[in-house]
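To keep things clear, I will list the structure first and then write my remarks on it.
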Amino acid sequence: MEQAVLDAVESAARQLEAAGHETRRYVIPKSDSYASVTHSTADIYGLEMRLGPAANQTGVSAWGVAHLPDPEWRNLCFMTMIEREDATGKPLLTRSPVYNVTVDQALDFIFLPTLFTAWRDLDPRGKGQGIVVQAYQAAMKLSNLPNATRASLYIIGRYKKDGQLALIAVDFDDPLITLVANLMTALPGRGSIHFYPKTKTPSAVTIPIPYGDDEIVLIPDHSTAIDQGFAMARKYLMADR
């Protein structure tokens, strides 16, 4: 295990906990879940934050998930959202996670900005920068559309200041999420912002989510939009080596 990465995960978790948020952190050793995009089998360092109660589901919570899967670029983070059963912690696979106002605000105004700054010290180039590949494999409630638009503008306004090389959002096909992406694409001078909607081609990536003592659920059914996002992220990192 890499102590600097463990320290960065621990520091980010404590920052979130100090603000009143429940977290999980873990290491998944020698995983090949991201091998198709990182070109290696490696330890995956994970940090999760509880975002709030899941929409229209009793006893279920939404969690933001951050993984550091690339041993060459530990400042390259993959972010997504899952839902877990409160009683067992088991990931819920019977439906797509849902963004409501509470969940989206926690993700966009707390969790994601934390990820923007948490891994800068892991930059192997010594430049204090990083990049987050954001996956939005979820549905959005109509009532959340104004908040999602406002949150997107907030993120666009700060990502460069937080040391992010680019904004990369991937693997979305929900009509409302697509609408927000199209609105952001239309902004003048939007800079290094890239959107990759879900494709018809499956990705080999399977996102590993631990629960219980030593169980791991692999979340499947991703598209090559994830691969495109990782390729673009690595392109940014290698171009400025």
The chain - mean residue ellipticity at 222 nm from DSSP helices (-39,500 (n - 2.57) per run, n ≥ 4, rounded to 500): -9000 deg cm²/dmol
The stretch 1-142: translational diffusion in µm²/s, Stokes-Einstein, Kirkwood Rh over Cα pairs, 4 °C, 1.567 mPa s: 83 µm²/s
Radius, Kirkwood style, for the chain when every pair of distinct Cα atoms is counted (Å): 17.8 Å
Per-bin percent of Cα-Cα distances, the stretch 111-241 [10 Å]: 11, 37, 37, 14, 1
Residue pairs, from the table LYS160/LYS235; LYS90/LYS160; LYS30/LYS198, whose Cα atoms sit over 26 Å apart: LYS90/LYS160; LYS30/LYS198
From phi via Karplus (6.51, -1.76, 1.60), per-residue ³J(HN,Hα) for the stretch 151-166 in Hz, x at Gly/Pro: 5, 4, 5, 4, 5, 4, x, 10, 4, 5, 5, 8, x, 7, 6, 6
Packing-based ranking, highest mean first, of 144-154, 3-13 given that Cβ atoms within 10 Å are counted: 144-154, 3-13
Amide H partners (placed H, <5 Å) of ALA138, local residues excluded: ASP173, ASP174
Residues whose placed amide H lies under 5 Å from that of ILE207, excluding near-sequence neighbours: ILE219
Per residue convex hull volume, Cα atoms of the stretch 66-187, in Å³: 118 Å³
Under the Debye formula (equal points on every Cα, no solvent term), log10 I(q)/I(0) of the stretch 188-234 at q = 0.31 Å⁻¹: -1.08
Euclidean distance between Cα centres, the stretch 127-183 to the stretch 70-111, Å: 14 Å
Cα-centre dipole for the chain with unit charges at Cβ (Lys and Arg positive, Asp and Glu negative), debye to 20: 880 debye
Per-bin percent of Cα-Cα distances, the stretch 106-146 [10 Å]: 24, 42, 23, 11, 1
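Read-outs: derived from the displayed coordinates by stated rules, not from any lab. Keep in mind it's a predicted model, so treat the numbers as computed, not measured. All Cβ positions, glycine included, derive from the backbone under ideal geometry; neighbour counts span all protein chains shown.
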